[in-house]
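Worksheet: the structure to be examined is printed underneath.
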Amino acid sequence: APGGGIDTLCRIVAPKLSEAFGQTVIVDNRPGANGSVAAEITAKSPPDGYTLMLGAVGNLGTNVLFYKKLGYDPLVDLAPVASTVSSVNVLVVHPSVPANSVKELVVLARKRPNQLAYGSSCTGGTGHMAGALFQRLTKTQILHVPYKGSGPAMVDLVAGHTQLGFASQPSVAGFIRDSRLRALAVTTARRSKLFPQLPTLAEAGVTGYESHAWYGFVAPSKTPLPVVLRLNQEINRILGLPDVGQSLLAQGFEAWTMTPDAFGAYIRSEAEKWTRVIRDAGINET
């Protein structure tokens, strides 16, 4: 949906792709079903290199566990093209929540099982999975509320309709700076360059916690290998440009590039990791 991490990144990369290929690159937002709508459209598009999707762990890995009638197989119908960026997720709470640290939030959540709610961009998305892992490791019960995109989820969190979230830096940075949300920690193994004062969740006492948002481009599965390799080369070059690097950092992104084969292996490893979390949490299909 507009305003989320994927949309923000697309609008940074698209003009550079237009320059590289002499073609107008259109950003076509297709929200719904944790990115499955966009993924199915991509999977069924002509494999000519003219249709790409910027996806994430949900529509590239874990959606098969959530949706009984998924119209595509992410590991069969989509070809990895290029990883793009990694992004820290931030554990934030509404200012009305009486918790100024992760430990205080855990104590509060244990006292109020399923009375606190966290929103995410969708069922099975990075924010949802980050919250599921948090509950598993802290032995808490927090209600999950899925939205059709991180933008709508942030609107309700800022309004106080939900109490906390595990949000990507691009979607939440402005609200933190304006003190409209209180940041408690980051989800990654290392501290954020954008908010270096925030501890990691592991540092804050949630031992073994690590989660991050990542995005990458895929194409229809039968896209010719030379086309995939050319796209990979250009996207990697674009992500290394100084002005692009500055734009990424301002949004809380870090460039994260690899070959198509390496990206494909990473997608499979992430799908396996979060499958275990989903099954342990007893999260059901929709």
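The values are calculated or read from the model by the stated rules, or taken from the named source; none is laboratory data. Treat the numbers as computed from the prediction; the structure is a model and nothing was measured. So basically every Cβ, Gly included, is an ideal-geometry build from the backbone, and we count neighbours across all protein chains shown. Areas reflect the complete protein model, heavy atoms only, side chains present, ligands, DNA and RNA absent. Shrake-Rupley method; radii C 1.70, N 1.55, O 1.52, S 1.80 Å.
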- request: Write down the percent of antiparallel bridges among all DSSP beta bridges whose residues are both part of segment 57-212, to the nearest 5.
  value: 55 percent
- line: Computed for the chain: size of charge dipole around the Cα centre, +1 on C-beta of each Lys and Arg, -1 on C-beta of each Asp and Glu, debye to nearest 20, value 760 debye
message: Quick check for you: with a 1.4 Å probe and neighbouring chains kept, what is the accessible area per residue of segment 189-286, in Å²?
response: 52 Å²
task: Filter the cross-link list Lys103/Lys139; Lys44/Lys222; Lys44/Lys148 down to pairs whose alpha-carbon distance in this structure exceeds 19 Å.
output: Lys44/Lys148
message: Given a Förster distance of 30 Å, report the FRET efficiency between Asp73 and Leu229 from their Cβ-Cβ distance, rounded to the nearest 0.05.
response: 0.85
- request: Using a 1.4 Å probe over the heavy atoms of the protein chains, calculate the carbon and sulfur portion of the accessible area of the chain as a whole percent.
  value: 52 percent
query: Say a paramagnetic label sat at a point 7 Å from the Cα of Lys148, along Cα to Cβ; which residues of segment 44-60 have their backbone N under 18 Å from it?
result: 59
- prompt: Which whole-angstrom value gives the distance between the alpha carbon centres of segment 212-236 and segment 1-31?
  reply: 14 Å
- request: Calculate, for segment 53-161, the solvent-accessible area per residue in square angstrom, rolling a 1.4 angstrom probe over the heavy atoms of the protein chains.
  value: 38 Å²
task: With a Förster radius of 25 Å, plug the Cβ-Cβ distance of Ala159 and Arg112 into 1/(1 + (r/R0)^6) and report the FRET value to the nearest 0.05.
output: 0.80
- line: Mean-square fluctuation maximum in Gaussian network of the chain, Cα pairs under 10 Å, restricted to Ala82, Ala33, Ala20, hits Ala20
query: How high is the FRET efficiency from Gln246 to Ser96, r the C-beta distance, R0 35 Å, rounded to 0.05?
result: 0.50
Computed Rg/Rh of segment 167-286, alpha carbon atoms with Kirkwood Rh: 1.02
- prompt: For Gln197 and Arg11 in the same chain, what is the full-extension length gain: residue separation times 0.36 nm, less their Cα-Cα distance, in nm?
  reply: 64.1 nm
statement: So the angle from the long Cα axis of helix 102-111 to the longest Cα principal axis of the chain, reported in degrees to the nearest 10, equals 70 degrees
message: I want to verify a result. In a Gaussian network model of the chain, Cα cutoff 10 Å, which of these has the top mean-square fluctuation: Gly58, Gly149, Gly22?
response: Gly22
- prompt: Cα axis of helix 260-281 to longest principal axis of the chain: angle in degrees, 0 to 90, nearest 10?
  reply: 30 degrees
- line: Largest fluctuation, Tyr72, Tyr50, Tyr215 only, Gaussian network model of the chain with Cα springs under 10 angstrom, belongs to Tyr50
- prompt: With θ set to phi - 60° and the Karplus curve 6.51 cos²θ - 1.76 cosθ + 1.60, what are the ³J(HN,Hα) couplings of segment 114-123 in order, to the nearest whole Hz, using x for Gly and Pro?
  reply: 6, 9, 8, 10, 10, x, 9, 5, 4, 5
